[in-house]
Amino acid sequence: MPHYLHFPVAQDWIEAGVPLLIEKPITCTLDEARALRDLSARHNAPVVAGQMWRHMQETIWLRNWIEADALNF
């Protein structure tokens, strides 16, 4: 989802009381981030930021290393 849609989509879900994991950046502006914080508190819907690491070279190497080593047990 494009970054500029994070705020309006999250706003709808938060107002419905749904807890959210939003990919970084959670919003495009500080004002939008503050608005999500306030909505989260008002609707008791936790919001956390996440970052996808599965395509990072270090993560791929580590996953391959763990999988290869797991075969030795």
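Select from segment 12-31 the residues that are crowded, with 17+ Cβ neighbours inside 10 Å and not in a loop (DSSP other than H, G, I, E, B) and list them in ascending order. Before you say what the answer is, go through the steps one by one.
Start the filter on segment 12-31 by keeping residues that are crowded, with 17+ Cβ neighbours inside 10 Å, which leaves 14, 20, 22, 26-27.
Passing the criteria: Ile14, Leu20, Ile22.
May I ask you to verify whether Glu67 is loosely packed, with under 12 Cβ neighbours inside 10 Å and among the acidic types (Asp, Glu)?
Numbers: loosely packed, with under 12 Cβ neighbours inside 10 Å: yes; among the acidic types (Asp, Glu): yes.
Considered against the rule, which asks whether it is loosely packed, with under 12 Cβ neighbours inside 10 Å and among the acidic types (Asp, Glu), Glu67 comes out as yes.
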**Residues located in segment 42-73, provided they are modelled with pLDDT of 85 or more and acidic (Asp, Glu)** = Glu58, Glu67
**Complete:** Of the residues in segment 32-64, those that are within 18 Å of the chain's Cα centre (by Cα), open to solvent by 100 Å² or more (accessible area, probe 1.4 Å) and of a type in the set (D, E, K, R) come to Arg34, Arg37, Arg54
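The values are calculated or read from the model by the stated rules, or taken from the named source; none is laboratory data. Bear in mind the structure is a predicted one, so any value in this text is a computation, not a measurement. Don't worry about glycine lacking a Cβ; one is built from the backbone with ideal geometry, like all the others, and counts go over all protein chains shown. Protein only, heavy atoms only, side chains kept; ligands, DNA and RNA dropped before computing areas. Shrake-Rupley method; radii C 1.70, N 1.55, O 1.52, S 1.80 Å.
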